[in-house]
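Input: a single structure, listed below in structure tokens.
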Amino acid sequence: MLPDNYFIASQFSMLSKLMDIHGDNSFKSKSYSIAAFNIEKLPVQLSDLDASEVYTQKGIGDSLGKKILEIISKGYLPALKEYIDKTPPGILEMLSIKGLGPKKIATIWKEMEIESPGELLYACNENRLARFKGFGEKTQQSIQEAIAFYQKSLGSHLYAEVHSYASQMHSVLNNAFKEEKFEQTGAFKRQLPVIDSLDWVTTVKLTRLQEFFKEHQYEEEDINSGSAAFRSPEKILLKFYSRPEAIFYNTLVETSCSEEFLKGLNLRSTPETPIASSEENLFELIGLPFIPAFLREKAETIKAAPALSKRRIIEPSDIRGIIHSHSTWSDGSNTLEEMAKACIEKGYEYLVISDHSKAAAYANGLTEDRIRQQHVQIDELNKKYAPFRIFKSIESDILGDGSLDYSDDLLSIFDLVIASVHSNLKMQQEKAMSRLHAAIANPYTTILGHMTGRLLLSRPGYPIDHKEIIDACAEHQVVVEINANPRRLDMDWSWINYALEKKVLLSIDPDAHEISEFDNCRYGVLVAQKGGLTKISNLSSFSRDELIAFLAKNKVAKKLT
Ligand SMILES: [Zn+2]
Ligand SMILES: [Zn+2]
């Protein structure tokens with residue numbers, strides 16, 4: 001089929017937008033956008049015309065006519081393809097977000113160095129956009145909402161974004177079908193950080209579910225003999241495995257395992273699969289200690305089950321202090337005192353305040369003078385709120401050459417230093433490794449912050465060799481952060497086990513930019529459980545006095561005192 005006017009117009013309109021984003025000839029780009037407008041209004045289809053007739057249409061001259069003929073013969077506009085090829089895919093994606101025009105996208109890309117909707121959302125959440133010309137707080141908020149909507153429509157969700165929906169839906173279902181059974185299963189039950197669908201095992205017949213969801217205006221996506229899927233108006237996919245009561249728990253275990261784990265369990269090895277009366281009972285019947293769903297990932301866990309079952313795995317209530325937080329001194333939304341008071345109210349024993357360092361100018365990073373002023377305030381607050389304690393820290397940028405952001409003299413006045421990469425994230429593995437190695441070997445580094453810089457669903461981390469980095473942390477006695485921001489969850493849970501083997505201490509840190517984000521700790525704990533973390537290997541589970549003792553010992557080990 002030949003391209004219609006609508007398609008031809010869209011090619012010119014896109015070309016015009018991309019030229020604007022790249023800051024190219026604004027006169028030309030304007031003429032393409034006018035052309036797009038005119039072409040859509042033409043009374044005849046351009047592809048029905050002879051070449052010569054194309055040039056005679058209103059508003060179409062030589063150069064435009066030539067381009068139109070290219071579109072008709074090739075199916076695309078080569079000039080546009082050139083622009084597409086030199087534009088990061090995330091920037092192209094931004095064009096689908098309501099309220100983001102080429103001008104704003106150009107600023108976002110060139111000045112803020114942001115290349116995807118996910119990164120942009122993160123920057124909004126950290127209040128970074130409002131500092132740029134043309135981006136007030138209102139604009140920032142509307143961009144935030146538009147991106148959130150856009151991402152939802154793509155079908156994948158952060159665990160944190162769906163968990164309250166999931167529990168609401170669970171009680172709605174239990175209420176609607178009082179005599180029946182529902183249990184959540186799948187990725188959600190395994191506490192994975194990214195969720196593509198919310199799954200349930202149920203005794204309800206599929207036809208009844210069909211009726212129910214039709215009534216609630218859910219789209220039916222798929223239905224077969226044993227399962228059905230529906231999409232909510234919020235674009236969340238719900239999946240149901242409908243089973244008779246007798247095999248309910250067998251199905252629950254089967255559907256809550258990763259493929260690898262399920263193979264390892266070998267449930268169907270016997271001709272008669274034993275029928276279980278509960279999840280625990282099924283493990284009993286196959287002669288294994290109970291393995292909670294969050295650990296049903298790797299097959300090797302099955303062999304380790306006897307040892308694992310004796311381990312008391314970390315729980316949300318095991319977090320005793322807030323490590324890694326930002327106040328209004330840099331890019332946080334609450335004052336230091338507000339944060340301290342909120343910690344006390346929530347029962348935490350301490351707050352490690354780690355505002356951004358001076359290289360992070362976009363985040364109002366702290367100059368040497370301001371660090372000293374902040375320390376005066378911390379001393380005052382510590383007197384006022386004793387025995388609660390604010391620890392003096394900084395989230396120091398790891399600079400391009402791997403050095404930290406301040407002189408050794410200045411670094412030595414902190415109780416602890418979190419070292420993180422925030423700039424030049426697009427780098428090859430070799431470069432990333434050399435920056436991280438240098439930062440880890442720096443005796444002032446206490447904690448390595450968000451190891452790969454990933455933002456889930458929006459930005460892959462820079463490539464690293466996890467084992468080598470963990471080994472280096474073991475050698476230099478550096479704590480590895482499990483950044484609990486639900487969009488980061490970095491270092492990934494799958495490396496926790498290796499870190500524990502190497503006797504590396506981990507730290508579940510909320511990276512809170514406001515008081516409400518203290519609660520991020522919960523998401524950190526959920527993924528830490530997947531790695532089998534215990535509280536004795538988690539720094540933020542240390543009591544205040546234990547932390548003080550640890551920091552002193554750590555400084556001695558690093559020959560700093
Ligand atoms: Zn950071
Ligand atoms: Zn931070």
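The values are calculated or read from the model by the stated rules, or taken from the named source; none is laboratory data. Model, not experiment: these values are computed from the prediction. As a convention, Cβ positions derive from the backbone with ideal geometry for all residues, glycine included, and neighbour counts pool all protein chains shown. Keep in mind that these areas ignore ligands, DNA and RNA; they rest on the heavy atoms of the full protein, side chains included. Shrake-Rupley method; radii C 1.70, N 1.55, O 1.52, S 1.80 Å.
Quick check on Arg487: is it within 15 Å of ligand 2 (Cβ to nearest atom) and among the basic types (Lys, Arg)? It would help to see each step written out before you state the result.
On the way: within 15 Å of ligand 2 (Cβ to nearest atom): yes; among the basic types (Lys, Arg): yes.
In short, yes.
Among the residues of the stretch 427-462, what is the count of those that are closer than 26 Å to Asp196 by Cβ and crowded, with 18+ Cβ neighbours inside 10 Å? Even if it seems obvious, please write down each step before you answer.
Our first condition is that a residue be closer than 26 Å to Asp196 by Cβ; within the stretch 427-462, this holds for 450-462.
After this cut, where a residue has to be crowded, with 18+ Cβ neighbours inside 10 Å as well, the list is 450-459, 461-462.
Result for the stretch 427-462: 12.
Name the single residue, out of those in the stretch 411-426 being surrounded by fewer than 18 Cβ atoms within 10 Å (Cβ to Cβ) and within 20 Å of Ala360 (Cβ to Cβ), that is farthest from the chain's Cα centre (by Cα).
So the first thing to find is which residues in the stretch 411-426 are surrounded by fewer than 18 Cβ atoms within 10 Å (Cβ to Cβ), and the list is 412-413, 423-424, 426.
Applying the additional criterion that residues be within 20 Å of Ala360 (Cβ to Cβ) yields 413, 423-424, 426.
Working: Ile413: 33, Ser423: 18, Asn424: 19, Lys426: 17 Å.
Result: Ile413.
Pairs only if they're at least six apart or on different chains, beta carbon under 8 angstrom, first in the stretch 150-172 and at positive phi, second in a loop (DSSP other than H, G, I, E, B) and modelled with pLDDT under 95; list them, first residue then second.
Gly155/Asp196; Gly155/Lys235
In the stretch 405-451, what residues are more than 16 Å from ligand 2 (Cβ to nearest atom) and of a type in the set (S, T, N, Q)? I'd like the intermediate steps shown before the answer.
Of all residues in the stretch 405-451, those more than 16 Å from ligand 2 (Cβ to nearest atom) come to 406-413, 415, 424, 426-438, 440-444.
Selection gives Ser407, Ser412, Asn424, Gln428, Gln429, Ser434, Asn442.
Search the stretch 490-514 for residues being aliphatic (A, V, I, L, M) and within 15 Å of ligand 2 (Cβ to nearest atom), and hand back the single one that is nearest to Ser164 (Cα to Cα).
The extreme case among them is Ala512.
Could we say that Ala528 is under 18 Å from the mean Cα position of the chain (by Cα), of a type in the set (A, V, I, L, M), modelled with pLDDT of 95 or more and within 15 Å of ligand 2 (Cβ to nearest atom) here?
Details: under 18 Å from the mean Cα position of the chain (by Cα): yes; of a type in the set (A, V, I, L, M): yes; modelled with pLDDT of 95 or more: yes; within 15 Å of ligand 2 (Cβ to nearest atom): no.
No: the conditions fail for Ala528.
If a residue must be open to solvent by less than 10 Å² (accessible area, probe 1.4 Å) and more than 16 Å from ligand 1 (Cβ to nearest atom), how many such residues does the stretch 496-517 contain?
Looking only at that region, the number is 4.
Quick check on this structure: which one of Gly365, Gly332 is within 16 Å of ligand 2 (Cβ to nearest atom) and over 18 Å from Asp509 (Cβ atoms)? Lay out the reasoning, then the answer.
On the way: Gly332 fails: over 18 Å from Asp509 (Cβ atoms).
Within the list Gly365, Gly332, the selection yields Gly365.
Out of everything in the stretch 316-329 that is touching a Ser or Thr at 6+ places or on another chain (Cβ under 6 Å) and either within 20 Å of Arg522 (Cα to Cα) or in a helix (DSSP H, G or I) (or both), what residue ends up being farthest from ligand 2 (Cβ to nearest atom)?
Only one residue tops the list, namely Asp318.
Residue by residue through the stretch 382-403, note down the ones that are open to solvent by 10 Å² or more (accessible area, probe 1.4 Å) and touching a residue at least 40 places away in the same chain (Cβ under 8 Å).
Narrowing the stretch 382-403 to residues open to solvent by 10 Å² or more (accessible area, probe 1.4 Å): 382-389, 392, 399-401, 403.
Those that are open to solvent by 10 Å² or more (accessible area, probe 1.4 Å) and touching a residue at least 40 places away in the same chain (Cβ under 8 Å): Tyr385, Pro387, Phe388, Arg389, Leu399.
Evaluate the following for Lys553: is it over 26 Å from Pro306 (Cβ atoms), not aliphatic (A, V, I, L, M) and not in a strand (DSSP E or B)? Quick ask: steps written out before the conclusion?
On the way: over 26 Å from Pro306 (Cβ atoms): yes; not aliphatic (A, V, I, L, M): yes; not in a strand (DSSP E or B): yes.
Here the answer is yes, as Lys553 does meet what is asked.
On the given criteria, is Glu161 within 30 Å of Ala293 (Cα to Cα), touching a Pro at 6+ places or on another chain (Cβ under 8 Å) and open to solvent by 30 Å² or more (accessible area, probe 1.4 Å)? Write out each step before concluding.
Values: within 30 Å of Ala293 (Cα to Cα): yes; touching a Pro at 6+ places or on another chain (Cβ under 8 Å): yes; open to solvent by 30 Å² or more (accessible area, probe 1.4 Å): yes.
Taking the combined requirement at face value, the residue satisfies it.
Test Gly402 against the stated conditions and say whether it is at positive phi and either modelled with pLDDT under 95 or away from ligand 2 (no atom under 14 Å from the Cβ) (or both). Write out each step before concluding.
Values: at positive phi: yes; either modelled with pLDDT under 95 or away from ligand 2 (no atom under 14 Å from the Cβ) (or both): yes.
Judged against the criteria, Gly402 is a match.
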